[in-house]
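Asks: This is the structure I want to talk about, given as structure tokens.
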Amino acid sequence: MAILVTGCAGLVGASTTALLLRQGMEVVGIDNLNDYYLLELKQHRLDALRGRPGFQFHRLDIEDAAAVDSLFDRHAFDAVIHLAARAGVRNSISNPRQYVATNVMGTTNVLEAIRRTDVPKMVLASTSSLYAGLEMPFAESLPVNTPLSPYAATKKAAESLAWTWHHLHQLDVSVVRYFTVYGPAGRPDMSYFRFIHQIASGSPLILYGDGSQARDFTHVDDIARGTVAALKPVGHEVFNLGGSDPVTVSCMIETIGQLTGKEAQIRHRPFHDADMLATWANNDKARLQLGWEPAIGLEQGLASCVQWYFENQELAALACESHGMGDTVRRDRMSLRRPAAAA
């Protein structure tokens with residue numbers, strides 16, 4: 001099969017692309033390599049893919065309809081895994097137009113290219129952020145009509161567009177709603193990435209809320225397996241990809257402290273109105289229809305993140321600095337040493 005993976009330089013995109021290549025697929029990956037966070041981190045992920053048999057990369061922005069159409073004219077795809085999106089709940093509040101342009105108009109450009117070239121299958125990445133205020137554990141049948149951020153609202157719009165193309169043009173669509181994805185070489189705006197750096201470097205750990213908020217953390221390797229499993233023909237279905245085992249943020253911080261051999265120096269800040277108090281996936285549907293279930297527990301998963309951090313301290317510190325950790329990072333980045341407890 002020949003698969004297009006949009007957003008292939010992202011955390012999920014890179015892991016999904018690597019899995020497809022291991023399975024012998026031909027993969028065309030695209031990414032606009034924007035500056036939402038440190039470009040070197042995206043290049044780091046791409047470096048692990050470049051040169052592998054069956055992989056082609058094009059720097060391309062899905063907001064550019066002509067470029068998207070040209071790509072589809074040059075390749076015959078059997079399926080599209082559409083991961084490219086503007087991510088980040090809080091950033092979407094400050095820059096809502098960017099999120100509409102990418103997540104809504106960009107998705108429309110991809111859907112139209114799919115329709116025009118008769119690609120039979122699409123996997124669309126969505127988010128657990130849609131379930132705000134609903135009864136847990138979250139099931140796919142719940143009405144997701146109360147998004148708390150422009151990010152969530154635009155992902156809901158993308159889901160609706162995919163349904164419309166399924167209805168009008170018989171496109172087979174699997175929507176996969178991700179639950180708090182984490183993993184090595186992740187995004188520096190994600191809490192676990194920041195916490196690992198703050199704890200390991202002895203910097204103050206900024207915690208929004210009291211730490212009792214819970215997340216259904218799901219390792220990126222499990223997410224990649226579920227995303228690839230969702231390539232099967234389903235007509236139109238929505239699948240939760242989540243660990244179904246929520247853990248409090250305080251517990252996550254404690255685990256990171258144990259893995260790094262250091263104690264967190266916590267500084268509390270008010271809970272943010274756009275954040276959810278808890279997420280918890282009902283993943284029965286993915287288990288039954290996709291044969292998928294999570295395999296990596298939080299301690300094992302965080303251990304892989306801590307190991308990557310200590311092996312890539314300069315890159316990790318620069319990534320944190322690009323997200324406002326400033327003088328602390330500049331002071332610490334050259335002096336970090338891997339403690340024995342993290343070996």
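Asks: So which residues in region 91-115 are in contact (Cβ under 8 Å) with a residue 40 or more places away in the chain and of a type in the set (Gly, Ala, Ser)?
Replies: Within region 91-115, SER92, GLY106, ALA113 meet the criteria.
Asks: Tally the residues that are among the polar types (S, T, N, Q), within 20 Å of GLY211 (Cβ to Cβ) and not in a loop (DSSP other than H, G, I, E, B), restricting the search to region 236-281.
Replies: 6
Asks: Between ALA295, ALA286, ALA303, which is of a type outside the set (Phe, Trp, Tyr), modelled with pLDDT of 95 or more, in contact with a strand residue (DSSP E or B) (Cβ under 9 Å, 6 or more places away or on another chain) and part of a helix (DSSP H, G or I)?
Replies: The match here is ALA286.
Asks: Can you tell me which residue among PRO184, PRO233 is within 21 Å of LEU41 (Cα to Cα), open to solvent by 10 Å² or more (accessible area, probe 1.4 Å), at pLDDT 95 or above and not in a strand (DSSP E or B)?
Replies: PRO184
Asks: For region 245-291, which residues satisfy the criterion of being crowded, with 20+ Cβ neighbours inside 10 Å and of a type in the set (Ser, Thr, Tyr)?
Replies: THR260, THR279, listed by residue number.
Asks: Okay, moving on. Quick one: would you say THR117 is open to solvent by less than 30 Å² (accessible area, probe 1.4 Å) and of a type in the set (S, T, N, Q)?
Replies: no
Asks: Determine which member of the set ASP31, ASP61, ASP73 is at pLDDT 95 or above and farther than 28 Å from PRO150 by Cα.
Replies: ASP73
Asks: Continuing with this model, one more query. Right, ALA84: open to solvent by 70 Å² or more (accessible area, probe 1.4 Å), part of a loop (DSSP other than H, G, I, E, B), touching a strand residue (DSSP E or B) at 6+ places or on another chain (Cβ under 9 Å) and at pLDDT 95 or above or not?
Replies: no
Asks: Something else: Across region 97-131, what is the number of residues that are farther than 18 Å from HIS169 by Cβ, of a type in the set (Gly, Ala, Ser), in contact with a helix residue (DSSP H, G or I) (Cβ under 6 Å, 6 or more places away or on another chain) and assigned to a helix (DSSP H, G or I)?
Replies: Of the residues in region 97-131, 1 are farther than 18 Å from HIS169 by Cβ, of a type in the set (Gly, Ala, Ser), in contact with a helix residue (DSSP H, G or I) (Cβ under 6 Å, 6 or more places away or on another chain) and assigned to a helix (DSSP H, G or I).
Asks: Can you tell me which residue within region 152-181, out of those that are of a type in the set (Phe, Trp, Tyr) and open to solvent by 10 Å² or more (accessible area, probe 1.4 Å), is farthest from the chain's Cα centre (by Cα)?
Replies: TRP165
Asks: For region 1-59, list the strands (runs of 3 or more DSSP E) that sit wholly inside it and hold at least 1 residues that are of a type outside the set (Asp, Glu) and under 15 Å from VAL123 (Cα atoms); which are they?
Replies: Passing ranges, in order: 2-6, 26-31.
Asks: Ok, one more. Residue check, ASP78 against (1) in contact (Cβ under 8 Å) with a residue 60 or more places away in the chain; (2) open to solvent by less than 50 Å² (accessible area, probe 1.4 Å), all met but one. Which one?
Replies: (2)
Asks: Now, a different point. When you check LEU142 against the structure, is it in a loop (DSSP other than H, G, I, E, B), open to solvent by 10 Å² or more (accessible area, probe 1.4 Å) and either under 17 Å from VAL238 (Cα atoms) or not aliphatic (A, V, I, L, M) (or both), yes or no?
Replies: Yes: the conditions hold for LEU142.
Asks: Taking only region 124-139 into account, find how many residues are of a type in the set (A, V, I, L, M, F, W, C), within 18 Å of VAL89 (Cβ to Cβ) and open to solvent by less than 30 Å² (accessible area, probe 1.4 Å).
Replies: Total satisfying the criteria: 4.
The values are calculated or read from the model by the stated rules, or taken from the named source; none is laboratory data. Please read these numbers as outputs of a predicted model, since none were measured by experiment. Cβ atoms come from the backbone with ideal geometry, glycine included; neighbour counts cover every protein chain shown. Just the protein is used for accessible areas: all its heavy atoms, side chains included, with ligands, DNA and RNA removed. Shrake-Rupley method; radii C 1.70, N 1.55, O 1.52, S 1.80 Å.
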